[in-house]
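The values are calculated or read from the model by the stated rules, or taken from the named source; none is laboratory data. Everything numeric here is computed off the predicted structure, so don't read it as measured data. Glycine also receives a Cβ, built like all others from the backbone with ideal geometry; neighbour counts cover every protein chain displayed. Just so you know, the surface numbers come from the protein's heavy atoms only, side chains and all, with ligands and any DNA or RNA stripped out. Shrake-Rupley method; radii C 1.70, N 1.55, O 1.52, S 1.80 Å.
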Amino acid sequence: GLLQPITVRPIADVVNQNNEPVYEIVCCARRFKAMQLIEAESVPSIIRDMTDAEALDAMIVENLQRKDVDPLEEAEAFRLLLDQGQTVADLALRFGKSERYVRDRCKLNDLVPELREAFHQNKLPLSGAIMLARLPQERQAEFADDNSFAMDADWDDTDNVSISDVKDYISEDLPRLDNAAFLS
């Protein structure tokens, strides 16, 4: 059975063929899917009237409270909340994270698709993805091209893109202090 009910909201002005209201799942979609798997005839639900903004906020908060949330999903969720007018400080306080944590996650939204894919396939570590996300997209794409050996479908663990690889690549753009004119 289901220990906690799911949360739904009525979809305004929408009814089914029996003239009954139609509902949208706001929270606990995973529980609903589990109940479908066991072919439950009904699912305990809490019905709440919510605006689109309130429903979106509730969905995002529920997803961010999972223990296994993907960093790229977290980045997208934070971006959606920021787009609704919340600040980085608000999100840090609300989710018990540091402001730097929230900013780093949000920066992941700037990763080029090749690096997103490499991250999802565990070919690029999270800290490396965050560092690369700070670069212009052209430089990210160049890094992906330069490291395509590690991002191919035939990749094996011995060709892992490391933090050192990322730092070395990024340091190419940085001025070297040992060559600075003021040291002469």
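For the reader, a short list of remarks on this structure follows.
- Portion, in percent, of the accessible area of region 1-138 that falls on carbon or sulfur, probe 1.4 Å: 51
- Arg48 exposes around 120 Å² of accessible area when a 1.4 Å probe is run over every protein chain in place.
- By average C-beta atoms within 10 angstrom, highest first, the peptides 49-59, 21-31: 21-31, 49-59
- Ordering Phe143, Phe32 by accessible surface, largest first, gives Phe32, Phe143; the 1.4 Å probe counts only protein heavy atoms, with every chain in place.
- Rounded to whole Hz, the Karplus (6.51, -1.76, 1.60) HN-Hα couplings of region 42-52, x for glycine and proline: 9, 10, x, 9, 9, 9, 10, 7, 9, 6, 4
- Translational diffusion of region 1-52, µm² s⁻¹ [Kirkwood Rh, Cα pairs; Stokes-Einstein; 25 °C; 0.890 mPa s]: 208
- Those lysines that a straight Cα-Cα span of less than 16 Å connects to Lys67, excepting residues fewer than 8 apart in one chain: Lys97
- In this structure the amide hydrogen of Glu24, modeled in the peptide plane, comes within under 5 Å of the amide hydrogens of Arg9, Ile11, none closer than 5 places in sequence on its chain.
- Normalised by the number of residues in the chain, the average gap of Cα pairs under 8 Å and 6 or more apart makes the relative contact order 13 percent.
- Averaged over its residues, the chain has an accessible area of 65 Å² per residue, based on protein heavy atoms and a 1.4 Å probe.
- Rg in Å to one decimal, and Dmax rounded to a whole Å, for the chain via C-alpha atoms: 22.4, 86
- Scattering curve values for region 27-114, log₁₀ I(q)/I(0), Debye with Cα scatterers, q = 0.12, 0.17, 0.22 Å⁻¹: -0.46, -0.80, -1.09
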